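Asker: The structure that follows is given in the form of structure tokens.
The values are calculated or read from the model by the stated rules, or taken from the named source; none is laboratory data. The model shown is predicted, which means the values in this text are computed figures rather than measured ones. Neighbour counts run over all protein chains shown; Cβ positions are idealised from the backbone, glycine included. Remember, those area values only see protein heavy atoms, side chains included, never the ligands or the DNA or RNA. Shrake-Rupley method; radii C 1.70, N 1.55, O 1.52, S 1.80 Å.
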Amino acid sequence: MEKYIDLHTHSIKSDGSMTPAEVVREAKKAGLSAIALSDHDSIEGVREAMEEGRKIGVEVVPAIEFSVQSDTETHILAYYLDIENPKLIQTLDECKQVREQRNAETCRKLNELGFDVTMEEARAIAPNGIIGRAHFARFLMDKGYTSSVKEGFKLYLENGKYAYSGTQRLKDEETVRLIKECGGLSFVAHLHLIKLDDETLKNFLIRLKGAGLNGVEGYYTEYTPEMQEKYQNMAKELGLMISGGTDFHAQMKPHISIGTGLGNMKIPYSVLENIKKAKELI
């Protein structure tokens with residue numbers, strides 16, 4: 001019987017969202033064999049998720065999704081990194097401070113557009129302190145400014161829209177080196193959101209490979225079949241591995257289901273097996 005995985009999931013404890021343990025239980029309910037909990041610039045939920053995984057028989061990969069400086073939107077996933085590493089903990093604390101600045105900028109821009117949203121409201125539904133664009137998108141929907149979370153991103157919060165803020169603490173090569181230093185493996189997430197033409201994207205990946213990049217996200221919710229084939233072939237050509245996931249955010253992105261994304265994604269366990277083999281060689 002084929003086993004399936006999801007190596008890109010998030011827990012944002014808020015109104016309608018899930019704790020790390022609840023995400024793992026959702027994965028079990030969906031029939032997944034393994035997941036990676038990869039919260040944004042945070043490892044706070046990893047221990048809880050791994051403990052729940054041990055209890056109910058779901059393999060949980062310790063992970064994180066780093067946001068890095070970019071003209072567009074560049075995120076780097078890290079798997080199997082040492083979450084006790086002092087440099088990692090210090091860097092994440094710095095990222096948290098920069099995230100506060102970024103969220104305040106987003107909130108200010110939404111206010112300028114005439115939307116009644118506040119940082120206090122955002123903090124109230126994010127008791128773990130990790131506020132993101134999804135929270136603001138949820139407010140826009142709940143207050144009737146948009147019809148859905150997805151529409152909030154599309155109109156105001158995605159890269160290139162007025163309320164988007166690209167302020168980040170980390171540079172791309174710096175992030176790859178940090179992940180390597182912490183014993184982890186690095187993968188560039190959702191390649192289409194970087195918005196580079198194919199040749200420029202290749203050169204970007206070659207540069208990061210020089211810093212120690214291990215792979216790219218070869219399966220992703222928003223990829224068309226053509227994009228998936230293109231990115232997986234690109235990875236093969238460049239000698240990079242692939243990972244894959246849905247970018248599950250519970251009710252913050254209700255159109256995305258864990259394990260299957262928009263409903264038809266299937267990521268084979270062999271993808272994780274290859275990552276684990278690479279980890280053994282470190």
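Asker: Within the stretch 211-227, track down each residue that is among the acidic types (Asp, Glu) and in a strand (DSSP E or B).
Answerer: Result: Glu217, single match.
Asker: Output the residues belonging to the stretch 203-252 that are under 15 Å from Asn264 (Cα atoms) and in contact (Cβ under 8 Å) with a residue 60 or more places away in the chain.
Answerer: Residues satisfying the conditions are Tyr220, Gly244, Gly245, Thr246, Asp247, Phe248.
Asker: Ok, one more. Can you confirm whether the stretch 56-74 contains a residue that is in a helix (DSSP H, G or I) and free of Cβ contacts under 8 Å to residues at least 12 places away in the same chain? It would help to see each step written out before you state the result.
Answerer: Residues of the stretch 56-74 in a helix (DSSP H, G or I): 56.
Add one more test, that the residue is free of Cβ contacts under 8 Å to residues at least 12 places away in the same chain, and what stays is none.
Within the stretch 56-74, none of the residues are in a helix (DSSP H, G or I) and free of Cβ contacts under 8 Å to residues at least 12 places away in the same chain.
Here is a yes/no grid of residues against (1) part of a loop (DSSP other than H, G, I, E, B); (2) surrounded by 16 or more Cβ atoms within 10 Å (Cβ to Cβ):
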{"position": "Glu174", "(1), (2)": "no, no"}
{"position": "Ser186", "(1), (2)": "no, yes"}
{"position": "Leu196", "(1), (2)": "yes, yes"}
{"position": "Glu199", "(1), (2)": "no, no"}
{"position": "Asn203", "(1), (2)": "no, no"}
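Asker: When you scan the stretch 40-76, how many residues do you find that are in contact with a Pro (Cβ under 8 Å, 6 or more places away or on another chain) and either among the hydrophobic types (A, V, I, L, M, F, W, C) or buried (at least 23 other Cβ atoms within 10 Å of the Cβ) (or both)?
Answerer: So the answer is 5.
Asker: Which residue pairs have Cβ atoms under 8 Å apart, sit 6 or more places apart or on different chains, and have a first residue in the stretch 126-150 that is open to solvent by 40 Å² or more (accessible area, probe 1.4 Å) and a second that is small (Gly, Ala, Ser) and modelled with pLDDT under 85?
Answerer: Cβ pairs passing all conditions: Pro127/Ser14.
Asker: In the stretch 237-260, how many are in contact with a helix residue (DSSP H, G or I) (Cβ under 9 Å, 6 or more places away or on another chain) and closer than 16 Å to Pro20 by Cβ?
Answerer: 6
Asker: Same structure again: So if I check each of Ala122, Ala104, Ala163, which one is free of Cβ contacts under 8 Å to residues at least 24 places away in the same chain, surrounded by 16 or more Cβ atoms within 10 Å (Cβ to Cβ) and small (Gly, Ala, Ser)?
Answerer: Values: Ala104 fails: surrounded by 16 or more Cβ atoms within 10 Å (Cβ to Cβ); Ala163 fails: free of Cβ contacts under 8 Å to residues at least 24 places away in the same chain.
Being free of Cβ contacts under 8 Å to residues at least 24 places away in the same chain, surrounded by 16 or more Cβ atoms within 10 Å (Cβ to Cβ) and small (Gly, Ala, Ser) holds for just one of Ala122, Ala104, Ala163, which is Ala122.
Asker: Do we have Glu26 as closer than 21 Å to Met265 by Cβ, outside any helix (DSSP H, G or I) and not β-branched (Val, Ile, Thr) here?
Answerer: no
Asker: While we're looking at this one, here's another question. With respect to Leu81, is the statement that it is assigned to a helix (DSSP H, G or I), at pLDDT 95 or above, among the aliphatic types (A, V, I, L, M) and open to solvent by less than 20 Å² (accessible area, probe 1.4 Å) true?
Answerer: Spelling it out, it is not the case that Leu81 is assigned to a helix (DSSP H, G or I), at pLDDT 95 or above, among the aliphatic types (A, V, I, L, M) and open to solvent by less than 20 Å² (accessible area, probe 1.4 Å).
Asker: Give the residue that is farthest from Val216 (Cα to Cα), with candidates limited to residues of the stretch 243-282 that are assigned to a helix (DSSP H, G or I) and in contact with an Asp or Glu (Cβ under 9 Å, 6 or more places away or on another chain).
Answerer: Filtering the stretch 243-282 for residues that are assigned to a helix (DSSP H, G or I) and in contact with an Asp or Glu (Cβ under 9 Å, 6 or more places away or on another chain), the one farthest from Val216 (Cα to Cα) comes out as Gln251.
Asker: Okay, moving on. So, of the residues in the stretch 16-39 that are farther than 16 Å from Leu81 by Cα and of a type in the set (D, E, K, R), which turns out to be surrounded by the most Cβ atoms within 10 Å (Cβ to Cβ)?
Answerer: Filtering the stretch 16-39 for residues that are farther than 16 Å from Leu81 by Cα and of a type in the set (D, E, K, R), the one surrounded by the most Cβ atoms within 10 Å (Cβ to Cβ) comes out as Glu26.
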